[in-house]
Amino acid sequence: MNRYQAVFEGGSGEIVEKKSRFIAHVQAAETVEEAQQFIDDIKKKYWDARHNCSAFSVGVDRVITRSSDDGEPSGTAGKPILEVILGSGIHNIVIVVTRYFGGTLLGTGGLVRAYTEAARAGIEQAVIIEKISGNRVDLETDYTDLGKIQYILAQNEVTIEDTDYTDKVTIHTLFPKEEKQRLSKMLVESTGGRVGIVEGDDVYFGVAEGEVIVFDE
């Protein structure tokens, strides 16, 4: 998959429904073991809660999904949480919703709504990033062609990590894989072949809160 949504920083959100507290905890998880460890950690932390219901989706292609009602009526907790995950477009994510019972039964429909809203509240408090499969590409140019290159990069919203200014200019960029060939051709043609293009590592990258983040592929 060339690009997908992922959790960059976990978060937690809470809703109250008829005095029952529903606290959602969201975290990134790239393996079943990581997801299960997070679920176990939350259960230990909130050991006094009535329920710690959960769901996770692991694998870029969502090859593994699981959910748990943890004592709630079947299909009223884990499944709604999982539906929120699948509907969000976020991959490699685990959500645990802790419930402190408020004394009033919510009924099947009420539970589904509460767990759905809590899971959404948790995601809203997490930092979500679009991870893009790409390559590090260094562009080497003289100052004559710099303006043309900067224009092309800006028009195509190319992510720039850094720029070195010496007797020549080296722009350290991140090209999405599906755009690499097109961008390279455009840069070569616009500079009459004068731009130097040096391909580097395969990476995943994205922008979180205005900062460029690079992940190993």
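The values are calculated or read from the model by the stated rules, or taken from the named source; none is laboratory data. Just so it is clear, the structure is predicted and the values come from calculations on it, not from any experiment. Cβ coordinates were reconstructed from backbone atoms using ideal geometry, including for glycine residues, and neighbour counts include every protein chain displayed. With ligands, DNA and RNA removed, areas are computed over all heavy atoms of the protein, side chains included. Shrake-Rupley method; radii C 1.70, N 1.55, O 1.52, S 1.80 Å.
For this structure, a couple of remarks:
- For region 35-109, size of Cβ-based charge dipole, Lys and Arg +1, Asp and Glu -1, in debye: 80 debye
- In the chain, helices alone account for a calculated mean residue ellipticity at 222 nm of -10000 deg cm²/dmol, with every DSSP H run of four or more residues adding -39,500 (n - 2.57).
- Taken over the chain, the convex hull of the Cα atoms encloses 125 Å³ per residue.
- Amide H to amide H distances under 5 Å link Val207 with Glu130, Ile213, where only residues 5 or more positions off or on other chains count and H is placed in the peptide plane.
- In Å², nearest 10: area of Asp202 left accessible to a 1.4 Å probe: 80 Å²
- Extension gain from Thr104 to Glu124, taking 0.36 nm per residue of separation minus the Cα-Cα distance: 4.5 nm
- Note on the chain: Lys pairs 8 or more places apart or on different chains, Cα atoms under 27 Å apart, count 23.
- Simple spin-label estimate for Lys148 and His172 in nanometres, 7 Å along Cα-Cβ: 2.6 nm
- Largest-first principal axis extents of the Cα set of region 13-55 (Å): 36, 18, 13
- Test item: Cα-centred dipole of region 2-56, Lys/Arg +1 and Asp/Glu -1 on Cβ, debye: 360 debye
- Applying 1/(1 + (r/R0)^6) with r as the Cβ-Cβ distance of Glu14 and Val214 and R0 = 45 angstrom yields a FRET efficiency of 0.85.
- Based on the reciprocal of the average 1/r between different C-alpha atoms, the Kirkwood radius for region 121-170 equals 13.5 Å.
- Phi-based couplings in Hz for region 51-60 (Karplus 6.51, -1.76, 1.60; Gly and Pro marked x): 9, 10, 8, 8, 7, 8, 10, 10, x, 4
- Here the chain exposes an accessible surface that is 45 percent carbon and sulfur, computed with a 1.4 Å probe and the other protein chains kept in place.
- Accessible surface for the chain, divided over its residues, is 51 Å² per residue with a 1.4 Å probe.
- Degrees between helix 143-155 axis and first principal axis of the chain (Cα, 0 to 90, nearest 10): 30 degrees
- The charge dipole of region 37-177, taken about its Cα centre with unit charges on the Cβ atoms of Lys, Arg (+1), Asp and Glu (-1) only, comes to about 880 debye.
- Length, then width, then depth: along the principal axes, the Cα atoms of region 1-122 run 47, 27, 23 Å.
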